[in-house]
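Notes to accompany the following structure.
What follows draws every value from the coordinates through simple rules; no lab data is involved. These numbers were taken from a predicted model, which means no experiment stands behind them. Here Cβ is always computed from backbone atoms with ideal geometry, including for glycine, and neighbour counts include all displayed protein chains.
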Amino acid sequence: MNEADLNRVWQEFTEKNDFKLNPDQKHVDMITKGILINEQKYGLKLCPCRLRNGTPERDLELICPCNFKAHDTWQKKGMCWCGLFVKR
Ligand code: SF4
């Protein structure tokens, strides 16, 4: 999967939700690159903004998209931790 494919998946994922991709395409591109680098390194599309500790349980929590509505950043800023997804 390349960056364009991943962006297309996210567009479809957000279509019928109360969030969308960040309109700042440069920011989206930066996060996308980080996720794809993590996939090459670790075999999983891990969040580029949070540290893995090497345990399978922790790594599963970091697969993008994560459960970002449970994060403070969603409540306070209306975005996921990395700012990839923002409230509509
Ligand atoms: S914080 Fe955002 S970029 Fe990071 S895993 Fe969650 S949804 Fe993806």
Pair Thr55, Asn7: separation of 7 Å Cα→Cβ label points (nm)
3.7 nm
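How about the range 11-54: which GluC sites (Glu not before Pro) there lie in a loop by DSSP and see at most 13 other Cβ atoms within 10 Å?
Those satisfying the criteria are Glu15.
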Calculate the translational D of the range 1-73 in whole µm² s⁻¹ from Stokes-Einstein, where the hydrodynamic radius comes from the Kirkwood formula applied to all Cα pairs, the temperature is 4 °C and the viscosity 1.567 mPa s.
99 µm²/s
Selected from Pro65, Pro23, Pro48 as most flexible by GNM, with the chain as the system and alpha-carbon contacts under 10 Å:
Pro23
Counting pairs of alpha carbon atoms under 8 Å apart in space and at least six apart in sequence, what relative contact order in percent does the chain give?
29 percent
Net charge near Gln25, counting Lys/Arg +1 and Asp/Glu -1 over other residues with Cβ under 15 Å of its Cβ?
+1
Anchor Lys20: lysines whose Cα lies under 21 Å away (excluding residues fewer than 8 positions away in-chain):
Lys33, Lys45, Lys69, Lys76, Lys77, Lys87
